[in-house]
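Report on the following structure.
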Amino acid sequence: MQQRLLNQSAMNYPIPASPQEIVALRQQPVDEELIAAAIAGVVRVTRSQGRSLEELTAEVLADDSLLDWKVRLWLSDIVAHAWKSLP
């Protein structure tokens, strides 16, 4: 998945540019490319809001009932990689 984030042109989904476009991805069947597009979209939207990687990471790591700690930690690593890799 990390390689897909680096190679936007190979993706079947455009990178979302707004929260609404990210939510609209829910209508698509879930696959690796959709997840990569969603992560890239979250990075894009977060940056456009003037927020930092640290703020986004804190959000990803925040306790929730959906993902356990290990998965949130793994996801935060992917988000950080996307942040550093995407223009």
TODO: Output the qualifying pairs, or none if there are none: Cβ atoms under 8 angstrom, residues six or more apart or on different chains, first residue in the stretch 41-57 and in contact (Cβ under 8 Å) with a residue 40 or more places away in the chain, second residue among the small types (Gly, Ala, Ser).
DONE: Val43/Ala82; Arg44/Ala17
Open item on the list: If I ask for residues that are over 20 Å from Ala37 (Cβ atoms) and not hydroxyl-bearing (Ser, Thr, Tyr), which ones from the stretch 56-71 would you list?
Closed with: Ala58, Leu61, Ala62, Asp63, Asp64, Asp68, Trp69, Lys70
Task: Matching residues in the stretch 56-86 - criterion: being touching a Lys or Arg at 6+ places or on another chain (Cβ under 7 Å) and among the β-branched types (Val, Ile, Thr) - done: Val60
Task: Filter result for the condition that a residue is over 18 Å from Asn12 (Cα atoms) and modelled with pLDDT of 95 or more, over Ala40, Ala80 - done: Ala80
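The values are calculated or read from the model by the stated rules, or taken from the named source; none is laboratory data. If you're wondering where the values come from, they're calculated on a predicted model, not measured in any experiment. Here Cβ is always computed from backbone atoms with ideal geometry, including for glycine, and neighbour counts include all displayed protein chains.
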